[in-house]
Each structure stands twice: as structure tokens, then as C-alpha cells.
Amino acid sequence: MVLRDGASVPPFSSELVVVEQPGTYVCAGGGAELFDSDARYESESGWPAFSAPMTDDALTEEADTRDGVPRIEVRCARCDGHLGHVFPDGPGPDGLRYCVNTAALDLEER
Ligand SMILES: [Zn+2]
């Protein structure tokens, strides 16, 4: 019970790993709408995973080779904040898995 244990619940950002309320995932930095909960799925990576962004222009993608492994970094198109990475092993028709840092997201429940 969040209301009863209000003082002891973990920060909201980390609850996003297990939360299943339908809603819109927005950028924690500026409120830009990034992902719909309908696109969310369980990747068992411990991170929220999405098969597609909310809109085609919600995200920007950039090559990331910082760890010596080429990856595609995804950023918020509005504030340029780092969100996570996109991998080509998703379950959807586009075959994409957007693996997003919980600290970058807020959930607006509906
Ligand atoms: Zn943003």
C-alpha cells in the first residue's frame, strides 16, 4: 500500500521496473511523451523495455561506442537527455527493444 507506507516506498523511478499501470511514459527531464505502456514488455533485463516509441520523432538516436561495443543510444528529442539504448532483438514487428533507464522516465497513469 503506497498510501500507508508512503515514507518507506522506494523512489518512484525504481518502481517503474515492476509497475504495470497503463499510462504514458514521459521524460523525467521535460515531460515529453516518449513511450506508451502498450509498447512496454517484460525483457527480464531488469530495465523497462519498449518495442516502439510513442511517436517517430519522440527520440533521437546516436552511435555509442563508449564501452567498446557499438550500440545505439536513444535520447529525448526535446531535451537531448540520455534515455538508454535500442537493440535489434525486440519482439515486435520492427524487432526493436528500447531499453530505458528508469531515472529518465516518469509514468503518467491513465
Ligand atoms: Zn526530455
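Bear in mind these aren't lab numbers, they're just calculated from the coordinates by the rules spelled out. Since this is a predicted model, take the numbers as computed values, not measurements. Don't worry about glycine lacking a Cβ; one is built from the backbone with ideal geometry, like all the others, and counts go over all protein chains shown.
Report the charge-dipole magnitude of region 22-109 in Debye, nearest 20, computed about the Cα centre from +1 at each Lys and Arg Cβ and -1 at each Asp and Glu Cβ.
Roughly 220 debye for region 22-109.
Report, in cubic angstrom per residue, the convex hull volume of the C-alpha atoms of region 22-109.
Taking the convex hull of the Cα positions in region 22-109, it is 93 Å³ per residue.
Collect residues whose amide H, placed 1.01 Å from N in the peptide plane, falls under 5 Å from the amide H of Ala49; neighbours closer than 5 in sequence don't count.
It is Tyr41, Ser43, by chain and number.
Out of residues 5 or more away from Ala77 or on other chains, whose amide H comes under 5 Å of its own, with H placed 1.01 Å from N in the peptide plane?
Answer set, sorted by chain and number: Leu59, Thr60.
What is the local net charge at Gly31, summed over the other residues whose Cβ is closer than 11 Å to its Cβ (Lys, Arg +1; Asp, Glu -1)? Before the final figure, lay out each step's value.
On the way: positive: Arg78; negative: Glu33, Asp106, Glu108.
With Lys, Arg at +1 and Asp, Glu at -1, the neighbours total -2.
Near the amide H of Gly23, under 5 Å away, which other amide H atoms are found, from residues 5 or more places off or on another chain, if H is placed in the peptide plane?
The list, which skips near neighbours in sequence, is Ser37, Asp38, Arg110.
Apply the Karplus parameterisation 6.51 cos²θ - 1.76 cosθ + 1.60, with θ equal to phi minus 60°, to every residue of region 95-110 and state each ³J(HN,Hα) to the nearest whole Hz, in sequence, with x for glycine and proline.
x, 10, 10, 8, 9, 10, 5, 4, 5, 8, 10, 10, 9, 9, 6, 10
What list of ³J(HN,Hα) values in whole Hz, one per residue of region 71-83 in order, does the Karplus curve 6.51 cos²θ - 1.76 cosθ + 1.60 (θ = phi - 60°) give from phi, with Gly and Pro shown as x?
Using θ = phi - 60°, the values come out as 9, 9, 7, 10, 10, 5, 5, 7, 10, 6, x, 5, 10 Hz.
Extension gain Asp89-Glu33, at 0.36 nm per residue separation less the Cα-Cα distance, in nm?
Going from the current span to full extension adds 17.8 nm.
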